[in-house]
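The values are calculated or read from the model by the stated rules, or taken from the named source; none is laboratory data. Just so we're clear, the structure is a prediction, and the values are computed from it rather than from any experiment. Because the Cβ atoms are built from the backbone with ideal geometry, glycine has one as well, and the counts that use them run over all protein chains shown.
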Amino acid sequence: MMEIPLFTVDSFARSAFEGNPAAVCLLEKALPEELYQKIASEMNLSETAFIMKLKSTDDFTSGARFSLRWFTPIHEIILCGHATLASAAVLFYKKENSNAEVAFETLSGEVRVRKQEEVLVLDFPNNKPEVQDKSEYHDLLKAAFGEMCIEEVCLCKKTKNLLVHLADPCDRSVLMSIKPEAEKLLRHEDGTKIRGMIPTIKGESKYDFFSRYFSPWHGVYEDPVCGSAHTVLGPYWSEKLGKKKLLAYQCSRRGGELQVELRDDGRVEIAGRAVVVIQGTLKI
């Protein structure tokens, strides 16, 4: 029997049952390839993260570099923010990792997470989207948003996320009321070009922008708080608002706050809090 340390972490959350839950597994060595997906399907969360030692002599308490993979309930993905935040939270808060920063080798290259007072800061790629002709997505947009007016549509080809800037007078309450049917979205797009849809509006009060994230193409109807989506949203709203530091809120039922900063070196920093809510052992 194999025993794997397993945690559930609420990311971009100040307390339990907020933000976005992710499962995190600590691996001494690689698993049989088919087992990663079986575990992620069993966890049935938007993402399950697998942190693995790069060397047998490494230690989760003192090591500064690890391998990291992310799986949805149906397949592996190339980038995930909230599960990376969750992974760092396990290392820093439960394994009491002695480093101020840890690095992960991933399908998106190296990503880093550092401790900064009460938050953890993700060092992620800048995935600025490109403006699209709205007419190319007419059927998909109508299936998702009905007769709502749309200001602009942008696509990030790398992450296959479609950013949809909803036009005024759409406000936070209208954004929260959107309920696209997964079957309709899948009928109009097979996942070849688009894997996620990000409706967004300009913020109010202390927030610079609001968003939601739908991804039935990843086997996830709605991701409660999506860090990787903010590598698309951050560059978009930074240009629109003329500022590099932004405060965002994702308006899902659970909800979550994210601090986003565009760096001059072409990277995006996304900061948030995380709470470890479950700790146990996976026996297989």
Being among the aromatic types (Phe, Trp, Tyr) and in a helix (DSSP H, G or I) is the filter here; which residues of segment 203-229 pass it? 217
Whether any residue in segment 131-140 is part of a strand (DSSP E or B), over 20 Å from residue 272 (Cα atoms), of a type in the set (Gly, Ala, Ser) and at pLDDT 95 or above is what I want to check. no
Residue 113: passes all of (1) crowded, with 18+ Cβ neighbours inside 10 Å; (2) part of a loop (DSSP other than H, G, I, E, B) but (2)
Check off (1) assigned to a loop (DSSP other than H, G, I, E, B); (2) farther than 19 Å from residue 76 by Cα; (3) among the polar types (S, T, N, Q) for residue 238 and give me the number that stays unchecked. (1)
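On the basis of being touching a residue at least 24 places away in the same chain (Cβ under 8 Å), part of a helix (DSSP H, G or I), among the aliphatic types (A, V, I, L, M) and crowded, with 16+ Cβ neighbours inside 10 Å, does residue 232 make the cut?
It is true that residue 232 is touching a residue at least 24 places away in the same chain (Cβ under 8 Å), part of a helix (DSSP H, G or I), among the aliphatic types (A, V, I, L, M) and crowded, with 16+ Cβ neighbours inside 10 Å.
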Filter pass, residue 99 being surrounded by fewer than 22 Cβ atoms within 10 Å (Cβ to Cβ), closer than 21 Å to residue 272 by Cα and in contact with a Pro (Cβ under 8 Å, 6 or more places away or on another chain): no
What are the pairs with Cβ atoms under 6 angstrom where one residue, in segment 17-42, is under 24 Å from residue 224 (Cβ atoms) and the other, located anywhere, is assigned to a helix (DSSP H, G or I)? Sequence gap at least six, or different chains. 20/82; 22/82; 22/83; 22/86; 23/43; 24/86; 24/87; 24/90
All positions within segment 75-109 that are part of a loop (DSSP other than H, G, I, E, B) and farther than 10 Å from residue 49 by Cα: 75, 78, 79, 95, 96, 97, 98, 99, 100, 107, 108
Looking only at segment 1-16, count how many residues are exposed (fewer than 14 other Cβ atoms within 10 Å of the Cβ) and out of contact with any strand residue (DSSP E or B) (no Cβ under 7 Å at 6 or more places or on another chain). 1
Restricting segment 235-279 to residues that are of a type in the set (Val, Ile, Thr) and over 14 Å from the mean Cα position of the chain (by Cα), the residue that is surrounded by the most Cβ atoms within 10 Å (Cβ to Cβ): 275
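For every residue, the table says whether it meets (1) assigned by TED's automatic domain parsing to the domain that holds residue 24; (2) of a type in the set (A, V, I, L, M); (3) closer than 13 Å to residue 203 by Cβ.
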site	(1), (2), (3)
218	no, no, no
221	no, no, no
225	no, yes, no
240	no, no, yes
249	no, no, yes
252	no, no, no
255	no, no, no
260	no, yes, yes
278	yes, yes, no
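Okay, residues lined up against (1) of a type in the set (Lys, Arg); (2) under 20 Å from residue 28 (Cβ atoms):
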residue: 72; (1), (2): no, no
residue: 90; (1), (2): no, yes
residue: 102; (1), (2): no, yes
residue: 115; (1), (2): yes, no
Looking at residue 46, is it surrounded by fewer than 16 Cβ atoms within 10 Å (Cβ to Cβ), of a type outside the set (Asp, Glu) and either out of contact with any Asp or Glu (no Cβ under 7 Å at 6 or more places or on another chain) or farther than 21 Å from residue 283 by Cα (or both)? no
